[in-house]
Amino acid sequence: MTATTEVYVGLGSNLGDRAANLWEALRRLADTRGCHVTRLSRLYESAPIGPQDQDWFVNAVVAAEVDLTPHALLACAKEIEQQMGRAPSARWGPRLIDIDLLLFGDAEINTDDLVIPHRELWNRRFAMLPLAELLPSGALLDGVEKRLIELGEEQEVRVWSA
């Protein structure tokens, strides 16, 4: 039996049918060989970071067990984005789908193309709120909850409802 690693993946969309885009990305992630999706957070809606002249994002976090390397999972995420029609855009601009590797077990990675934990995780309520729903009790969850308190309400995030 191959050893697996628990990973947490962020999903976001602010173009088209935002929730449907997340569901499609989730389906494609679940269909990826070596990736077994185990849990999904609630969907959240958040104001964009950066240019404000765009629609709000719908975000979620997926927990999965993988027997992939971090870079292989990143390649799968980028392929799903491309297959779904994500086009290159300005930094923090609108996007059909955004798939971010937030955590990969307890790995710490800092390469040109991949940083884990995600470099902005600790500054993004829209990623930490759904992540906190999925994390088991322990030091990591305690750290996320503490950071959410520190951030306060400066980033508007709310549970999404259709």
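What follows draws every value from the coordinates through simple rules; no lab data is involved. What you see is a predicted model, and the numbers here were worked out from it, not measured in a lab. Note that each Cβ is placed from the backbone with ideal geometry, even for glycine, and that neighbours are counted across all protein chains shown.
Each semi-axis of the equivalent ellipsoid for the range 70-162 is √(5λ) with λ an eigenvalue of the Cα gyration tensor; in descending order they amount to 24, 19, 12 Å. Qualifying trypsin sites (Lys or Arg not before Pro) in the range 57-92, where qualification requires a DSSP coil assignment and no more than 12 other C-beta atoms within 10 Å, comprise ARG91.
The residues MET84, MET128, when put in order of fewest to most other Cβ atoms within 10 Å, stand as MET84, MET128. Here's how it looks for LEU102: its modeled amide H is under 5 Å from those of TYR8, VAL9, GLY10, which are all 5 or more places away or on a different chain.
Please identify, among THR32, THR69, THR111, the residue showing maximal mean-square fluctuation in a Gaussian network model of the chain using a 10 angstrom Cα cutoff. With Cα springs under 10 Å in the chain, the top fluctuation among THR32, THR69, THR111 is at THR111. Working value for the range 10-86: equivalent-ellipsoid semi-axes of 23, 13, 11 Å, each the square root of 5 times a Cα gyration tensor eigenvalue, largest first. The alpha carbon centroids of the range 122-146 and the range 95-109 are separated by 14 Å.
Cβ-to-Cβ counts within 10 Å put LEU134, LEU22 in ascending order as LEU134, LEU22, the fewest first. Taking ALA77, ALA30, ALA20 as the candidate residues, the one with maximal mean-square fluctuation in a Gaussian network model of the chain, Cα springs under 10 Å, is ALA20. Each principal axis of the chain carries a Cα extent, and these read 48, 37, 33 Å when sorted largest first.
Among the trypsin sites (Lys or Arg not before Pro) found in the range 111-142, those both in a DSSP coil and sparsely packed, with 14 or fewer other Cβ atoms within 10 Å of their Cβ, are ARG119.
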